[in-house]
1. Sort B:213-223, B:55-65, B:129-139 for me by packing, meaning the mean count of neighbouring Cβ atoms within 10 Å per residue, highest on top.
2. Under a crude label model (7 Å from the Cα following the beta-carbon direction), how far is B:Thr12 from B:Lys228 in nanometres?
3. Would you please give the FRET efficiency between B:Arg317 and A:Val34, computed as 1/(1 + (r/R0)^6) with r the Cβ-Cβ distance and R0 = 41 Å, to the nearest 0.05?
4. As a check on your grasp of the helix formula, calculate [θ] at 222 nm for the protein assembly as shown: sum -39500 (n - 2.57) over DSSP H runs of n ≥ 4, divide by the residue count, round to the nearest 500.
5. Of the options B:Val322, B:Ala258, B:Leu337, report the single residue whose Cα projects farthest towards the positive end of the charge dipole of segment B:206-339 (beta-carbon charges: Lys, Arg +1; Asp, Glu -1).
6. Among the lysines, select those whose C-alpha is under 26 Å from the C-alpha of B:Lys161, and discard any that sit fewer than 8 residues away in the same chain.
7. Pop the C-beta distance of B:Ala51 and B:Ser334 into the FRET formula with R0 = 35 Å and round what comes out to the nearest 0.05.
8. With a Cα-only, solvent-free Debye model of chain B, what are the log10 I(q)/I(0) values at q = 0.08, 0.15 Å⁻¹?
Amino acid sequence: MKEVKVLGPGCARCKTTEEMVKMEAAKLGIDVSVEKITDYEAIAKFGIVSTPGIVIDGKVVHAGGLPKTNDLQRWLQA
Amino acid sequence: MTTQALPLKRSTGAWIGGIALAVAIWFALYRQLQPFSRWAVAQLPIPQGSALASSVEFFIYDTPKVLMLLTLVVFAMGVVRSFFSPERTRAILAGKREGLGNVAAAGLGIFTPFCSCSAVPLFVGFVSAGVPLGVTFSFLIAAPMINEVALGLLFALLGWKVALTYLAFGLTIAIVSGWVIGRLHLEGWLEEWVRNIRAGDVDLQPDELTWIDRFKAGWDAVKEIVGKVWYWIIAGIAVGAFIHGYVPAELLSRIMGADAWWSVPAAVLLGVPMYSNAAGIIPVVEALLGKGAALGTVLAFMMSVIALSLPEMIILRKVLSVKLIAVFVAVVASGILAVGFLFNFLFS
């Protein structure tokens, strides 16, 4: 079970990112729990400067803009 | 990505060829816009030479022109921007002192991708990483005001002199305002949690981007930015077309001309509650200038609309106290005023 956190204050792209994570995980058959972090303070603690950000199992893998599908698959499989 | 090195190489050539072809078609089309708009207006049942015909021609000519220019500029800048990221910018600025740091921050503000919905994480991320408050402000002022859309459109519609002066004065405002805010030592006016936060350093794997990735980033930028701002542009051109056709030149040069000193502060005040981005405001600027409005007044208006936006201040309220926002607005507004007056003085 991978723990994925999507960091973002709730902009449209953050929601899209969350859906992309769920969709790619389902496609790959990987069990994930997706949590959205919208609190600015919590986001800042991860050290990212631009949103949406993605954290997988405690590691920041992405910050700023929509992730690319093949990157997302690579992160989920890592 | 790693397994397909060979096909990637071949498609780099395909991308470059495709881009070259697209640019050639772009220029061919672009040259036809003016004759086409004349022809199109002549086909309409409107009396030639009337205010309506003039407005319609402006609209028919400017809409594809601005959209085409924007596409070109955004693509090019999307490629350039793939070399920059806010995380990298922060790393560069973290060790900088004030002064040089303000200059670097304003300069990086031009290229670093920035969206006002990211303003708060960016602000907190910078300050918590040890970027001085004034330097952070220099970045925050420059990033929305001097962006690729504004510069590209100014260059294309109003010439390189206006674009360059806008760039120079925009940078000056960002540098000086940030420096002044830094001198005032207002760190205590940040919201409490921002002061206390110590952000972890993020270790993002630097993506090995190929040229194809960069071209794709340019194309993504086109889809995203043009997709997001096209209705602003249409609205801006519609306002511009109305001004072009109906507003008498004599009236505008009286109220927005260089002799009317009060027009500069009025333009700044008018600009604050108005929220548009550069793409929407530049067609209006073009029409105003065509009618004899003074350059300084118009640029002050444009900078005020873009740099002092109410929605962004509301977002920033989450990290800044009201007092600090007030100082920010006052400093930036003074800078814009100074630019407006200086321009009118120099170019009249």
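1. Ranked from most to least packed, the peptides come out as B:129-139, B:55-65, B:213-223.
2. So the two model labels end up 3.0 nm from each other.
3. For B:Arg317 and A:Val34, the calculated efficiency is 0.90.
4. Mean residue ellipticity, 222 nm, calculated: -22500 deg cm²/dmol.
5. About the Cα centre, the residue reaching furthest to the positive side is B:Val322.
6. Result set, ordered by chain and number: B:Lys65, B:Lys291.
7. For B:Ala51 and B:Ser334, the calculated efficiency is 0.35.
8. -0.44, -1.28
None of the figures in this text is laboratory data; all of them are computed from the coordinates on show. Note that this is a predicted model, so its numbers are computed, not measured. Neighbour counts run over all protein chains shown; Cβ positions are idealised from the backbone, glycine included.
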